[in-house]
Amino acid sequence: MKRLNSVPKADGFRMPGEFEEHRGTYIIWPERPDNWRLGGKPAQHVFVQVANTIAKYEPVTVCVSKEQYSNARHLLADNVRVVEMSNNDSWIRDCGATCVVNDQGEVRGVDWKFNSWGGLVDGLYFPWDQDDKVAQKMCELEGFDSYRLDDFVLEGGSIHVDGEGTLMVTEECLLSEGRNPHMTKEEIEKKLCDYLGCEKVLWIKEGIYNDETNGHVDNMCNFVRPGVVALAWTDDENDPQYARSKAAYDYLTSETDAKGRKLEVHKILTPKPILITKAESLGVDAIDGTLPRQEGDRLAASYVNYYTGNGFVAVPVFNDPHDQLAIQKLQELYPGRVIEPIYAREILLGGGNIHCITQQVPRGNRK
Ligand code: KQY
């Protein structure tokens, strides 16, 4: 497995859409007590549900610390591969490899620099050195050559591609002070296109209100397929989310993608505001350098943080009246896939959702 100094696009590689065929999915086991309440026990049970559900459709690998290996192995289904891997937390969407493929079906990994969503400016925990090694380890497990970027900070949750040359990001995240402040928007755009094999970047202004990732796009919108986008939406004009979703809707419906198609944008109503309870807040250890979880804080809840795999869509639900609407809408948008709703409040309490804890490996040419 080589570390390559060339550039994916010039080498003929592109990031496929998540809806394209997968070889499998990676997940990291949650345990840190300053992010996950009660030492991660409630979250672990939901991660098990996510892993076991996905494993019905495609191979799943769960990476786990040596301390939690036996517990994870015991709780996860037998068809889930469990491997020991050091980590700082469990957001493999963000610290794992972004896989790119070429027309011959070769798969390679892009290993972005990871700095905990903003480094010393507004990062979410310190240190993050073990997370920054996860992408390389994932590539080695899969036998992929990789491209390492020591000079460019990016998380996988801050990008969505249609696999046909179009990339969606938010300005709130990609232009944030804690990531690549030394680069202009144009330089960032070129870097993204070079490493993802894209031609056009759609710059949405902002993501979901109060999203601690500086508004990752994967909580706000997603490509259902080329030309079709799902967008988190609220009809409540007094909700701070309204202006964000309205701006994104107006922008996306006025834009075309890399192939010149007008975008079809589907609104997915968010659940009503979800706040951290006192008991939930008290279950999280307070540690200097980690974002605190305080009673009454609004969580960045969105059904759009769903994960698409071989024949299924795993959707977070919240025991909210809008759950059924989201399930129904996604079933219409993905007619050939089974919708798998998973009650995901425990993942949301950690700061993300199902998409943030999963990372796909595209099929490539190896069955
Ligand atoms: O991708 C994400 N949403 C990750 C959130 C990180 C939260 C750390 N507390």
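Derivation of every value follows stated rules applied to the coordinates shown; laboratory data play no part. As the structure is a prediction and not an experimental result, all values here were calculated from the model. Quick reminder, even Gly has a Cβ in these numbers, built from the backbone with ideal geometry, and neighbours come from all protein chains shown.
Whether any residue in region 294-303 is hydroxyl-bearing (Ser, Thr, Tyr), surrounded by 14 or more Cβ atoms within 10 Å (Cβ to Cβ) and within 16 Å of the ligand (Cβ to nearest atom) is what I want to check. Yes.
Has region 226-246 got any residue that is within 16 Å of the ligand (Cβ to nearest atom), surrounded by fewer than 23 Cβ atoms within 10 Å (Cβ to Cβ) and not in a helix (DSSP H, G or I)? No, the conditions are met nowhere in region 226-246.
Of all residues in region 297-313, those satisfying the criterion of being over 14 Å from Leu348 (Cα atoms) and small (Gly, Ala, Ser) are Gly309, Gly311. In region 281-293, the qualifying residues are those that are of a type in the set (D, E, K, R) and within 14 Å of the ligand (Cβ to nearest atom), and the one that is surrounded by the fewest Cβ atoms within 10 Å (Cβ to Cβ) is Asp285. Answer yes or no as to whether Val169 is over 21 Å from Glu255 (Cβ atoms) and within 16 Å of the ligand (Cβ to nearest atom). It is false that Val169 is over 21 Å from Glu255 (Cβ atoms) and within 16 Å of the ligand (Cβ to nearest atom). Per the listing Leu192, Leu202, the residue uniquely assigned to a strand (DSSP E or B) and touching a strand residue (DSSP E or B) at 6+ places or on another chain (Cβ under 7 Å) is Leu202. Under the condition of being away from the ligand (no atom under 11 Å from the Cβ) and closer than 21 Å to Lys272 by Cβ, the residues counted in region 199-219 number 3. Condition check: in a helix (DSSP H, G or I), more than 30 Å from Phe13 (Cβ to Cβ) and within 16 Å of the ligand (Cβ to nearest atom). Does Leu348 satisfy that? Yes. Screening the candidates Asn115, Asn79 for the property of being polar (S, T, N, Q), within 16 Å of the ligand (Cβ to nearest atom) and either within 19 Å of Thr290 (Cα to Cα) or surrounded by fewer than 18 Cβ atoms within 10 Å (Cβ to Cβ) (or both) yields one hit, Asn115.
Checked against (1) out of contact with any helix residue (DSSP H, G or I) (no Cβ under 9 Å at 6 or more places or on another chain); (2) part of a loop (DSSP other than H, G, I, E, B); (3) farther than 23 Å from Pro335 by Cα, Pro321 meets all criteria but (3).
In region 88-111, of all residues being among the charged types (D, E, K, R) and assigned to a loop (DSSP other than H, G, I, E, B), the one that is nearest to the ligand (Cβ to nearest atom) corresponds to Asp89.
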